[in-house]
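The block underneath contains the structure these notes are about, expressed in structure tokens.
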Amino acid sequence: MKKTLILLALATTTTVAFAGDHAYGPFPAAYVEECASCHVAYPPQLLTAPGWQAMMNSLDKHYGVDASLEAKRRAAIADFLQRNASRRDKHAAPAQPPRMTQTAWFRKEHGPLPAKATKALPAAAQCESCHTAAERGDYNESGLRLPAGYRKKEG
């Protein structure tokens with residue numbers, strides 16, 4: 001019984017993704033409430049633990065916005081991100097503040113992107129612009145809708 005409860009607790013707070021699969025989640029309610037209130041709740045597997053730590057340690061200047069959180073809530077979200085962060089170099093952000101869109105994985109996966117966002121070509125960080133099910137953690141190509149002006153990567 002105790003083992004079952006432990007497994008159930010882990011299952012509700014750990015995200016799942018399989019090789020070749022681009023579906024993530026479920027995400028904890030606190031993460032969705034706080035982070036997805038301004039942008040899509042990014043899958044924690046797409047950035048390394050140091051990247052998430054740097055991001056969580058600078059919420060007072062989160063890309064030009066004060067996204068500070070109450071300490072207990074911040075700690076819970078930071079713990080979730082750390083536990084589910086990528087351990088692969090291709091997900092490491094090369095600069096500060098860390099940006100997923102600058103990781104080797106993102107650049108390889110998405111190919112060349114416009115330097116400046118426009119109405120026709122949204123910013124790379126606006127995942128939901130192309131990934132129609134991003135709000136549910138689903139980034140599979142079956143739900144992909146590219147803007148008219150976007151040139152799909154070759155290869």
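The values are calculated or read from the model by the stated rules, or taken from the named source; none is laboratory data. Everything quoted here is computed from the prediction, not taken from an experiment. When we count neighbours, we look across all protein chains shown, and the Cβ atoms used for this are built from the backbone with ideal geometry, even at glycine.
Here are some notes:
- Where a residue in the stretch 114-126 is surrounded by 14 or more Cβ atoms within 10 Å (Cβ to Cβ) and its partner, wherever it lies, is in a loop (DSSP other than H, G, I, E, B) and of a type in the set (Ser, Thr, Tyr), with Cβ under 7 Å and at least six apart: Leu121/Tyr150
- Which listed residue, of Arg87, Arg73, is surrounded by fewer than 14 Cβ atoms within 10 Å (Cβ to Cβ), of a type in the set (D, E, K, R) and touching a helix residue (DSSP H, G or I) at 6+ places or on another chain (Cβ under 6 Å): Arg73
- Search result, residues across the stretch 127-152 that are acidic (Asp, Glu) and surrounded by fewer than 12 Cβ atoms within 10 Å (Cβ to Cβ): Glu141
- Only residues that are in contact (Cβ under 8 Å) with a residue 24 or more places away in the chain and out of contact with any Pro (no Cβ under 7 Å at 6 or more places or on another chain) were counted across the stretch 39-60, and they come to 13.
- Extreme residue, surrounded by the fewest Cβ atoms within 10 Å (Cβ to Cβ), among residues of the stretch 39-70 that are of a type in the set (Asp, Glu) and in contact with an Asp or Glu (Cβ under 8 Å, 6 or more places away or on another chain): Asp66
- Scanning the stretch 90-126 for residues that are more than 20 Å from His22 (Cα to Cα) and among the polar types (S, T, N, Q), we see that the one that is modelled with the lowest pLDDT is Thr118.
- Where Phe80 falls short, out of the listed (1) hydrophobic (A, V, I, L, M, F, W, C); (2) surrounded by 15 or more Cβ atoms within 10 Å (Cβ to Cβ); (3) touching a Lys or Arg at 6+ places or on another chain (Cβ under 8 Å): (3)
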